[in-house]
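Every read-out reported here was derived from the displayed coordinates using simple, explicitly stated rules and does not represent laboratory data. On a predicted model such as this, the values are computed, not experimentally measured, just so you know. A quick note on method: Cβ atoms are made from the backbone with ideal geometry, for glycine too, and the neighbour counts reach across all protein chains shown.
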Amino acid sequence: MTLKRELGDRARDWVRATARSGAAFALAFMTLLLILIPTRAEARERAIRVPLTIHVATDDGRSVVSESRILASVRRANRELAAFDVYLVVEKIVPMVGGTTIETSEQRFALARRAQRDGTVHVFFVDRVELTSARKGDRRVSGMHWRYHGLAKDIRAREYLAVAHNAPTTTLVHEVGHAFGLAHDSSEDNLMCSCRRGMDPAFTKGQGRRLRNGARRYLQRSRR
Ligand SMILES: [Zn+2]
């Protein structure tokens, strides 16, 4: 073998070896990426962003609730929900003519017509919310989560939350709890208590887990 040829062979071997180690490096890099990507995706999946469309009833051209009061309710809700990586984000605030009182089924349907299934959670801030039941009669409440189970096509499966103008700032997060699948709790320290709640009510860890699943389900069905 001539020196020249030998050098050529060596060079070829070197190129091959480099290519091999390059491939090995690429493989290691890809593996590293595969290890890293799921954790990134997981992180992205962990935080649940809940867009809100807030409708504000007006009376004689004046909002029945001030914007600062509305935002205080949203902040209060986020203070509780952040522990479970759920965040309410105000997408838009829409003033509406009328709709100040929710009492009759016609009024509830009228709001449902405004609560389009656009992937957001619709919240109506109104003057008064009243529940009518044959057993309990009329009962003024500070808020409600309402979902239509009837057959009328234009409002099929629509749902929304309503909060009265003088409701405590915990009402919104309480109704969000219902919307995301939580039932009432009897403890005064719990946000899902239908009682006069204590000074600093909160959700339990179990409620937090259910909330997250409920939030995902709500957002899925609100897009269909
Ligand atoms: Zn309730």
Starting from the Cα of residue 46, step 7 Å toward the Cβ, then list every residue of the range 169-203 with an amide N under 14 Å from that point. none
Could you work out the per residue convex hull volume over the alpha carbons of the range 47-221, in cubic angstrom? 116
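Give, rounded to the nearest 20 debye, the magnitude of the charge dipole that the range 56-105 has about its Cα centre when Lys and Arg contribute +1 at Cβ and Asp and Glu contribute -1 at Cβ. Could you put the intermediate results ahead of the total?
On the way: 6 positive and 7 negative charges, 40 e Å.
Dipole size: approximately 200 debye.
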Applying 1/(1 + (r/R0)^6) with R0 = 41 Å to the Cβ-Cβ distance of residue 131 and residue 91, what FRET efficiency is obtained, to the nearest 0.05? 0.90
Using the Karplus curve 6.51 cos²θ - 1.76 cosθ + 1.60 with θ = phi - 60°, what ³J(HN,Hα) values do you get for each residue of the range 59-74, in whole Hz, with x for Gly and Pro? 10, 6, x, 10, 4, 6, 9, 6, 4, 5, 5, 4, 5, 5, 5, 5
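On a full-extension model of 0.36 nm per residue, what is the gain between residue 166 and residue 75, subtracting their alpha-carbon distance, rounded to one decimal in nm? Intermediate values should be presented prior to the final figure.
Values: separation 91, 0.36 × 91 = 32.76 nm, distance 1.66 nm.
Gain on extension, residue 166 to residue 75, equals 31.1 nm.
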Difference of contour (0.36 nm per residue) and Cα-Cα distance, residue 189 to residue 152: 9.4 nm
Can you give the charge dipole size of the range 47-221 about its Cα centre, rounded to the nearest 20 debye, using +1 on the beta carbon of Lys and Arg and -1 on the beta carbon of Asp and Glu? 620
Could you derive backbone 3J(HN,Hα) for the range 213-218 from the dihedral phi with the Karplus parameters 6.51, -1.76 and 1.60 (θ = phi - 60°), listing whole Hz in sequence and x where the residue is Gly or Pro? 5, x, 5, 4, 5, 4
Dipole check, the range 47-221, charges on Cβ (K,R +1; D,E -1), about Cα centroid: among 177, 129, 220 the Cα furthest to the positive pole belongs to 220
